[in-house]
Each structure stands twice: as C-alpha cells, then as structure tokens.
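The values are calculated or read from the model by the stated rules, or taken from the named source; none is laboratory data. Predicted model only: the values in this text are computed from it and were never measured. Cβ coordinates were reconstructed from backbone atoms using ideal geometry, including for glycine residues, and neighbour counts include every protein chain displayed. Accessible surface is based on the protein model in full, side chains and every heavy atom, while ligands, DNA and RNA are left aside. Shrake-Rupley method; radii C 1.70, N 1.55, O 1.52, S 1.80 Å.
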Amino acid sequence: MGQYRMLVDVTKCIGCYSCRVACQMENDLPSDQSYISFCEVEKGEYPNVEWVMHRFSCLHCEDAVCEKVCPQNAISYSQTGAVVVDQEQCIGCEYCEKNCPFGRAKVELCQDKEGNSVSRANKCTLCNGKVLEGVTPACASTCYTKAIVFGESDEILQKAEQRLAEVKDRYPDANIYNPEGVGGTHTIYLLAHKPEEYDLESDAATPASAIIWKDYAQPLGKLLLGATTMAVIGGAISNRLFNKGEHHEGGE
Amino acid sequence: MPDHMKQRDLLLFYAELYKPPGDAVYEVISHPDFRSELEQASGAALNDGGELPCLTSLKEEFRSLFSRSSQNGISLIESFYKPWTTDQTAALPFAQSKGMMMGDPAWHMRYLLEETGLNSSYDPMFYPDHVSVILELAAFLLEEQETDKFTLLVSQHLNWLDDLVEAIRKQNKDSFYLKLTELLNKFVNTFTNHDQSFDRIKEGSVC
Amino acid sequence: MLKPVSRRSFIKASAATAAAVSLTSFDMQSWMTSASAEEKAAISTIPTTCNGCSSQCGMIAYTKNGRLWKLEGHPDHPRSRGTLCARGHGYATLVYSKDRLEQPMKRMENGEYEPISWEQAYKEIGAKLQSIIKEHGPESVALVQDPRPTGKVYATRFIKALGSPNYYTHHVACNNSRDTGFNHTIGGVPSADIANSSYIMFIGRSYGDGIRPSSMSALAQAKENGAKVVIVDPRKNNTAPFADQWLPIRPGTDLALVLAMSHVLIEKDLYDEGFIEDHATGFEEFKKEVEQYTPEWAEEVTGIDAQTIETIATDMGEAKPKAVIEQSWRGAFGCNYKNSTETGRAVALFNAMLGNIQQEGGYIFGASAGLGDLDPNQFPAPPEPDAVKDGEEDFPLAPRGRGVANIVPLRAKEGKMKAAFYHHSNAALGYGNPEYYKEALNEMDLIVTIDVQMSETALLSHYVLPEPSYMERDDAVDGVGGGTATVVLRQKAVDRVHPNTKPADEIFTELAKASGVGEYFTFTLEDYNKAAVEPLGITMDELREKGSIPLEDKKADIGTVPEFNTPSGKVEFASQTFEDAGFNAVPTWIPPLVEPKNGSYRLTTGKQAIHSHTQTANIPMLMQITKDYDLERLWMNRQEAKKKGIQDGDLVEVSSESASSTVKVKLTDRLHPETVYIPSHYGITSKYLTTAKGVGFSYMEHVPFHFQPMSGCSMIHEVIVDVRKVDA
C-alpha cells in the first residue's frame, strides 16, 4: 500500500502528556483543545492493582464513516493513510462528530483565515503535512518510551503482533485494536484490557446506512439540490438513520 | 503655526501623557490656555471640565491605571488589544488570541521605525507599539507632511483607542486620563472614519 | 504650547526620513503579506536549552518570522537525546505569557509595587546594601538561587565580592539529604547506568513522573533487554508500566528495607568481597550493625514481607554488578524524612556491596566537561570571605557549596540576617513553610528578587528585578557531566518581548558596581564564555551553531574503580566525620519523626510530568492539562476513603498542625493506606499569576518549619494530617 500506520502501545504509556503538548504546538491548537485525550484504567485492589494510561486520538479508518457522511466532501483520505479534514470546505454540520464510531471527530471553534471564530471539524491529521515531507508525526517523535511508534503500515502491524506476544503474560486480555468493521485503521492500539474497558466497541463498524448515504443518496442529492440544502436534509437522514447518541469520551 | 504643526504638537503632548508623568507634561496641563489649545488642535471638545489633578495625584492615577504592577493595570500597548497574529503559519496555541505582547502590530511598528531610521533614537525601555511610540511616529509624519502615510498609520495603529477608553472608564470613570483619551480618540477618528479617502490612498499608491 | 519638553522622546528626527518607507509598507496588511511570502526563508532553528526543570535538556527552537514556533529535543544533548517532555514543549510559551514581570519594581508603603527605572533600582539597592554591610557585617547578607548557568557564575561571584560566604541553593528542599549520605560514603553522587543494568530498584524516584527523557528511554531500553525493575514507593507511581514489581512500602521506612537487604547480602555472602577489601573501610563495623536488621524485623517496620525482601536482595546479589538501586533525586530520601540522610548512606553502601561502582549497569561517576575560567590576572576574583557560611556549624555534614537555605529565614527571625537576594528561586513557597517565610522575610531590611514572574517570594521583596525568559537571552556556557561530558549553551531564540528586562549577567554586574565592588565585574558574558570553552579546543562560533557538543575525549572511565572523594579515599562503611558530628559512624535505623495514628495520614508529595516545582503552574498549556484531568486532586486509598464515607471527587478538608486546605479527592488503589498524596506544583497564592492562582494547595503550607538533623533539609514528608469530607 505504501501507507503508514501508528501504533499506540498503552502498556508503555506513562501518562506524561508530552504528546498532547507537542501536538498542540505542531497543529496550532489553543490550550483547551487537543486531538489527544487520555483515560486511565485501574484494575484490581490495593496492593494488587494494575494501572494503565490510555492515550486516544483519531483512528484513521480505512473505511471512514466521517468521510462517508460529510455532505461537503470536506473529509478525504490522504495517500499516507490519514483521514483528513479540509477546514475550508467544512461547514461545521457535525455529521462526522455524531457518526464517528469512536467519538473522535469533533467540531470545535476554530479560527478561519480572517480570524473569525467558526465551527469546524477538528481532529488528528496524523500530521499529514509532516508525513508527506517524510517527517514523523509530532506525538510519535516526542515519545521517549516508544509507546507511540510510526512507520510503514506492515512493519507496524508486525511490531504490534510482537508486542502483543511480549505483554500477554502481564496482561492476559491484551489485544490489538484494529477493527475490521471499518476496514482496519491507521492508528492501531495495543490495549492491555478488553476494548470495553476504554469505552471502545469490540465490533465497531461502518453502519450500512452510512454507506448508502455516501454512495447513493449523497452524490445524487448534491447534484440536485446543492450542498447547503443537502446539509439540512442530510442532517435529518443522518440523525435518524445512524445517530447513536452522545458517545461519551473517557476522561481520567 | 500651520495646522499640521499644531496637530504634531498635539500628538507629541499625548505621547508624553502616556509616559509616567513628570514636570514637563504637568507644565503643559497646568497652563491656563491648555484646554482651549487642546480643543482647537484636535478639532473636538473635551468632555466636561473639572479640576486638574496635582502632579502627585496625577502620578498616582497613572500608576493605578497603567502600571502592570497594579493588579488591573491597563495596557498601553497596541498588541495587547489585537489578535496576536493573523499569520496562518504561526503555530503557537494562542496565535490568534488577544492580550499578548509583540504581536503583528509590534513587528510592523518595529519595521517602520527601522526603515525610517528612527529606531536609533527610540528608547529601548518602550515597546515598539506602545501608544507613545505610535504617536511620536505619527507626529513625525505630520512634520514631514506625509499625509497619506500618517492616515494609514493612525487608522491602523490607533484604531484600538475605543478599547483603551473603555478600559479606563471601567476602572475610573472620573479619570483625567479618560477625558483626554476620549478626545484623542475623537481626533484620530476624524482620519479613520473616511473610508473613501482611505481607499483612494491605497489605490493610488500601489507601488 | 502643547509641545512638552520631553525627557525622553523616542523620536529625535535627525537622520530620519519617512520617504525611506513606501506607502504600501505603511499598510500593515500589505506588509504582512509580503512578510509571509518570505516565510520559508524566515524559519530559523536555534539550538538552545530548556529551563522547564533542572535537567535543562538541549533543544532545538524553531522560529517563524521571528516568533517561536515549536521545539524539538536536541539529539546530541545527553538528557534529551532528541525528545522533550510536555514541559519542554509547553514552558517555552512563557515568552508570551501575560503574567511576566516587565519592569523593575519597588514595594511602596501600602504594599503595592511601583515601577522604577533600573538606575534607581541599582542605586537604592546598592546604597542599602552598603549601609547594611557597614552596620551588621557582610555575613548579614545572603544569596539564594535555583542555579542556572549564568547564575552559577555571576551570583556566586557577586555574594563573594560583597564579602559574604552565604550562598545557598534550592537543594534544601530537593536532594541534600541524599547527597549528604552519598558524599560521606562513596564521596559523591554517581548516575546509574540504567540501560545496561539487569536488576534495577527505584526507591521513591519515578522516571515516569519526574521526567528526564533520556532516563526514561534508558529504562525502556533496559526493559527491552529483559531487566527486572522494582519500584519501592507508597504510591504505585507512573513508572509502574515499566516495573515488574511494586513494593508498597510504609512511607518513611525505606531505610529499614535497605538495611535488611544489606543484612541478606552479608548473611548469604552475596556481596563483592574483593571490592570491599580493596576499596572500603569500616565494613566490619557495618556488618555488626546490620546483624540486627533481619528481613523479619524489616517486615514489621516496612510492611513488606520478609520473604520478598530476602528474594529481592538475593536476586540483586546474584545479578551484581549489573544490579543497582537507582540514586534518585528528591524521591523518597532527598529531603523527606528525619532518616533520609541515613537512607542515602545505606543506598550508597548497598550499591558498593554489589561492587557496581564504575561498572557497566551499575553506578558511574561521569566525566566532567572541564570548562575554563576567567584569567584571574586580567579579571581578579573576589577573595574568599573570612566568615564561615551560616549554617555550616549547625549542619557540618550538609553539602558545603549548596548550604542550608532555610537558615536565612531562621537567622532573619533572630535578627542576624538582614538582606537576601533570591534569584530564580521561589523559596517562600518551595523551600519551607510559607507562613514562616513570610514572617521571617518581613523582618529583613532588604529583599531583592530576580525572576521572570511575580512569585510568592517576589511578593515578599522590596525590589523585584525582571529577567528576560530563557528563550530570549544568552546564558553562560555550561558543562554537563556524564558518560560523555557535553558542553552546552543556552542562547537567544527570539527577541526580547519586554524590552525593559535584563539578563542576570547585566543585573549582577550593575548591582556589584552600585554596591562598590564593581572591580570584580569588569568582564562581559562573552569574555567568560570564551574563557570557558578555551581549554576544550572549540570556539564560541561552533558552540553557537551546535548548541550541545559532546566531548569525545571526556568519557567516564568504565571498569576502573576511582579513588573516592572521602577522607580515607575509600568507600566509608563507617564514617569518622559522622561520629565527629555527633552521629553514628555506621548507618543506623532511625524511625520517622512523626507517625500517623487514629485515622490520620502522612501527607506525601511528588512530581507530575507536566510541571516543575511551582514555576510552570502559570503556563496555560500545562495548567490546562491539570484542569482537564483534575490533576490537582488529593490521592487517597479507596478502602480508607470508604471508612470515612468519602467518595471519588468529593471535596475534603486536609488539616495539619500548620494549616488547613480544601481540595477534591481522587480515590485510588495505587496508594498505601497510611498516606494521602498531593502533587507538589499547586497552591499558588500570588495574584499576579492569573492562570495558576487558586488551583489546588501547597503541601509546604502543612510542613512545619524544621531541619533534618544531619543535612538541614526540610523533611517535607514529616507531616500528619486529618482528612474529612466537606459538606457541599
């Protein structure tokens, strides 16, 4: 494929937040916006307790729901494998946010070119611009424990398998989170516990309705009605068909 | 004295006013003709009269209003009132927030001071976009009769005086500085409110 | 008439002309567009060093159009090795902080501050200082700092020039207890060669919380190599993912654990006899002392079962010399308990018994950079003061150079210390009880603080002198010791934002002149820097270009045991110096000063990876993480909380003899039931620090003002508190 993947090995995360700050600097984010969120999991009772910090950001699905539901075609696949938002096309309709099976796409207040505050989809880009120039994403390059590693797609998958074998003794429930239902992802996780412990669905998938929307209704609809009208109609369809309600995000 | 020189003196007076007060500025203020000359040069009337503060209370008023050492110190620096930068490539998390020093206006002012050759005499204690620096540059442009440049300067670098007036009003509505700043704002507005002439300047002078 | 006679008009239009600038350039938008067209050319990279903590990692600063853009770890610096922690990335935004000090200030009668000129500040401080020295002698003056490269050169010279021996550092609330223990046993503090070790024990020290990037990567490397890692800590700290075993020890009993482990090594004959024979003295006395410290005894004291102690000691004995108890910083015995100096001695001696000194995977005394100094013929150095540093007689074992900084407020209350300079130091919140500090410093005739923000210490000062931040100034050349010594330079990455700030080299030079001792400050920072690199065979130009240069000819000699920097030149299992100071010659069990009982708890503290002391608390990017994840909370053992009807997130009152604080609680199974834990970065009270003020509380408010008997440290964990739920 010639594409890239990122592995987040939660068994190596010490919760230092360096990735968050490096990402904010790289991507020009205000202090209170972050592409990365964290949740910690404590299992067991004192003193037999295991603690795992989970660092979470957009998974960059191979078959991304957000890309399918976007009425503006503002979301696309980069040749690196990243799923990226074109903020100039985005109208802040929140379909991506409402339909992301992982609760990762977020619509937040951003600044447009004129410095106005506007609602725009805002999420991890897998540092697409940097990667295209051959540079590692900011989070991976600052991670001194190598809990975040970035590289050629297949090598990363192999690395994940190897790490899984290494940690199985300590974390019997360990697994690689790379859900088939969305065609696999470009950020994969080595989880220490079952996905549900981190508020993730084991069988996260692209809803059939999203496929229909993208592949049939939307192109036709756009042609007939124009994008803005479609955004309104699309909102109704999208919300009725596959809105699963608020996907709550793991806090600490 | 020709009008533009009167206006130059007006701006120099204001430049001095926004520095910690000393005898020089007080001498001007306490002159019996102060009010009339001020109103004449600025082409606007001062809001009500009232008593002039003495030098000591003027100093205290300045400190309590503008000193960063007093808790709510009002900034006299342009950058503080504007988005830090409109440069889309500036990748700091607060790039577009207000309230920071050395924003775009400061860099522009620094550039102007350097290019005009005024930087050598510019006191390093001051920020390049401190109101006094802007006023002195404006005064210099008047003196040189560079009207177009003067208009651009005051319309772009003094268009935050509304905010300054409000900030002073919020802290002390009876302040001597409030009245004078309101007057300065009126004066500046006579140059900035004429959009047409502003556009004409820009169009006519693309080089 | 309107034209005033200006005292300092900026514009004295002699050679100036407005015609030199095009009208387009006067239009800001056009100017911005043309400036941003040159954007690519305007990206600069400047190698410099971080100031987010004492590690001062090397980093590369990227600027765009003269503005800070982002930072990366310097690949050649031994502490960053190409990566930076959250502080490294975020602290640099200090440059543009709204809460910086911008001009010199003087405290007025009413307690408020008024801006003054530098000339006035120097003149008044110099005059006051001279009159204090005349009346009370130079020993009534002190200087305190958290040392940074320029400060190390200028501040030490300044206080000496005044004729005062009273130079102190922040180590009183950091690692002076450990150092006192290490200095008097193995003659200094080496670094553990973690990456090559096969059995590593950490006592209180957490690489995952008190981050140094290269240390954390070394540990990750060791784990990849299959090392066994044990953490000894009442809290399962953030190094836990890299640890195989957690020993949830009763706080304050680490000494008992190490003594019992020593007992096991001796009993099982697992210590390095050859090393002891060749390089140690007093081993027989030590052996006799530890006979009583059986694992069973230690189980009673520490709560760690005897079998575990025996197994670990045995495994370490078998893994030697690639086994090590990491040397730690503040951790559990840097300044924490009454017995911390003895813990320091015991840890150093345990490593000596493993024979790991100067061995791969053990303790390595690093090479030093060997910087040059100013030529004394050209620039005469001030003479050594006649008097002895205040505190040295009270604490003769404490590290001499650093002294005991808390002597300053003590002597102030006694009326003996009259003037103090605090440089890059928030002593009043960080070194000892803040109430005590406030009372004591208010007794003094002259306090001068040199800093970048209005700290609690600055607020107790008569004069506050502002420095540019570390991103806006050049500092003195510095050397970093280690496996390969490195010479480093902090240099200006962006222009000074506040034009009226001055770097420490200028401030101390001018203060010296105003105080009548200017003859010792006739050199410039550049003169010093040239002299510093001169013996290294590199030029300042090279150093400016590279920022960090490893000195390939200055490497630690691994495999050769050095002569130890002790009176005997050997490892001292028994110390005459200790005996002369009125303590036991060999390390002996000492119980902690206070013990929790009847449902009370020991208040313990530690670092978080996103903050450094209290200096980063006001950085919005870093404080926002605290706010997003409620990191300022008090940790409490879940079962203990249940007994008291406290639930996760409840507001609780923490009260001690010294203070009472209210904070939210975090319930966890990661904490020993005898202790509650509070991160050490919060409780800012300065109204000038608008982001940090009011978040969390400072553990120091609860620490009584007291001195650890051997090292003079603050004994920050000798505090008992009650915790109760506060009704909303």
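Return the only residue of A:PRO30, A:PRO47 being out of contact with any Ser or Thr (no Cβ under 9 Å at 6 or more places or on another chain), within 9 Å of chain C (Cβ to nearest Cβ) and open to solvent by 30 Å² or more (accessible area, probe 1.4 Å). It would help to see each step written out before you state the result.
Numbers: A:PRO30 fails: out of contact with any Ser or Thr (no Cβ under 9 Å at 6 or more places or on another chain).
Exactly one residue qualifies, and that residue is A:PRO47.
Helices (runs of 4 or more DSSP H) fully within segment C:466-574 that include at least 3 residues being under 28 Å from the mean Cα position of the chain (by Cα) and closer than 30 Å to C:MET105 by Cβ: C:504-514, C:525-533.
Do we have C:THR341 as touching a Ser or Thr at 6+ places or on another chain (Cβ under 7 Å), open to solvent by 30 Å² or more (accessible area, probe 1.4 Å) and in contact (Cβ under 8 Å) with a residue 60 or more places away in the chain here? Lay out the reasoning, then the answer.
On the way: touching a Ser or Thr at 6+ places or on another chain (Cβ under 7 Å): yes; open to solvent by 30 Å² or more (accessible area, probe 1.4 Å): no; in contact (Cβ under 8 Å) with a residue 60 or more places away in the chain: yes.
No; evaluated as a whole, the condition is false for this residue.
Looking at A:TYR144, is it at pLDDT below 95, among the aromatic types (Phe, Trp, Tyr), surrounded by 21 or more Cβ atoms within 10 Å (Cβ to Cβ) and over 25 Å from A:HIS54 (Cβ atoms)?
On the way: at pLDDT below 95: yes; among the aromatic types (Phe, Trp, Tyr): yes; surrounded by 21 or more Cβ atoms within 10 Å (Cβ to Cβ): yes; over 25 Å from A:HIS54 (Cβ atoms): no.
When the stated conditions are applied, A:TYR144 does not pass them.
Residues in segment C:103-145 that are part of a loop (DSSP other than H, G, I, E, B) and crowded, with 21+ Cβ neighbours inside 10 Å: C:GLN103, C:PRO104. C:GLY331 meets the conditions (1) assigned to a helix (DSSP H, G or I); (2) buried (at least 22 other Cβ atoms within 10 Å of the Cβ) in every case but one. The failed one is (1).
Scanning segment A:101-114 for residues that are open to solvent by 20 Å² or more (accessible area, probe 1.4 Å) and either within 14 Å of chain B (Cβ to nearest Cβ) or assigned to a loop (DSSP other than H, G, I, E, B) (or both) turns up A:GLU108, A:LEU109, A:GLN111, A:ASP112, A:LYS113, A:GLU114. Among the residues of segment A:121-145 satisfying the criterion of being away from chain C (no Cβ under 14 Å) and of a type in the set (A, V, I, L, M), which is farthest from A:SER78 (Cα to Cα)? Out of the qualifying residues, it is A:ALA121. Against the numbered list (1) modelled with pLDDT under 85; (2) surrounded by 22 or more Cβ atoms within 10 Å (Cβ to Cβ); (3) in contact with a Ser or Thr (Cβ under 6 Å, 6 or more places away or on another chain); (4) not hydrophobic (A, V, I, L, M, F, W, C), B:TYR18 comes up short only at (1).
If you go through segment A:60-100 and keep only what is over 22 Å from A:TYR189 (Cα atoms), of a type in the set (A, V, I, L, M) and in a helix (DSSP H, G or I), you end up with just A:VAL69.
Applying the selection to segment B:143-159, what residues are facing another protein chain (nearest Cβ under 8 Å), under 17 Å from the mean Cα position of the chain (by Cα) and more than 14 Å from C:THR17 (Cβ to Cβ)? The answer is B:LEU152, B:LEU153, B:GLN156, B:HIS157. The residue of segment C:74-89 that is nearest to the other protein chains (Cβ to nearest Cβ), among those that are under 11 Å from C:THR49 (Cα atoms) and either assigned to a helix (DSSP H, G or I) or out of contact with any strand residue (DSSP E or B) (no Cβ under 6 Å at 6 or more places or on another chain) (or both), is C:GLY88.
With respect to (1) closer than 22 Å to B:MET100 by Cα; (2) modelled with pLDDT of 90 or more; (3) within 13 Å of chain A (Cβ to nearest Cβ), the lone exception for C:LYS70 is condition (2).
Quick one: which residue in A:GLY181, A:GLY151, A:GLY235 is part of a helix (DSSP H, G or I), out of contact with any His (no Cβ under 7 Å at 6 or more places or on another chain), open to solvent by less than 50 Å² (accessible area, probe 1.4 Å) and at pLDDT 60 or above?
Among A:GLY181, A:GLY151, A:GLY235, only A:GLY181 is part of a helix (DSSP H, G or I), out of contact with any His (no Cβ under 7 Å at 6 or more places or on another chain), open to solvent by less than 50 Å² (accessible area, probe 1.4 Å) and at pLDDT 60 or above.
So is B:GLU166 among the acidic types (Asp, Glu), part of a helix (DSSP H, G or I), at pLDDT below 90 and open to solvent by 20 Å² or more (accessible area, probe 1.4 Å) or not? Full working, then the answer.
Numbers: among the acidic types (Asp, Glu): yes; part of a helix (DSSP H, G or I): yes; at pLDDT below 90: no; open to solvent by 20 Å² or more (accessible area, probe 1.4 Å): yes.
The answer is no for B:GLU166.
Within segment C:620-647, the set of residues being touching a residue at least 24 places away in the same chain (Cβ under 8 Å), in a loop (DSSP other than H, G, I, E, B), at negative phi and within 9 Å of chain A (Cβ to nearest Cβ) comprises C:LEU631 only.
Where strands (runs of 3 or more DSSP E) fall entirely within segment C:648-728, those with at least 2 residues that are in contact with a strand residue (DSSP E or B) (Cβ under 8 Å, 6 or more places away or on another chain), surrounded by fewer than 19 Cβ atoms within 10 Å (Cβ to Cβ) and of a type in the set (D, E, K, R) are at C:720-725.
Checking the stated criteria, B:ASP174 turns out not to satisfy the condition of being among the acidic types (Asp, Glu) and modelled with pLDDT of 90 or more. Contact map, segment B:1-30: first residue facing another protein chain (nearest Cβ under 8 Å), second residue open to solvent by 20 Å² or more (accessible area, probe 1.4 Å) and among the polar types (S, T, N, Q), Cβ cut-off under 8 Å, separation 6 or more or different chains; pairs are B:LYS6/B:GLN40; B:LEU12/C:SER6; B:LEU12/C:SER9; B:ALA15/C:SER6; B:ALA15/C:SER9; B:GLU16/C:SER6; B:GLU16/C:SER9; B:ALA24/C:SER6.
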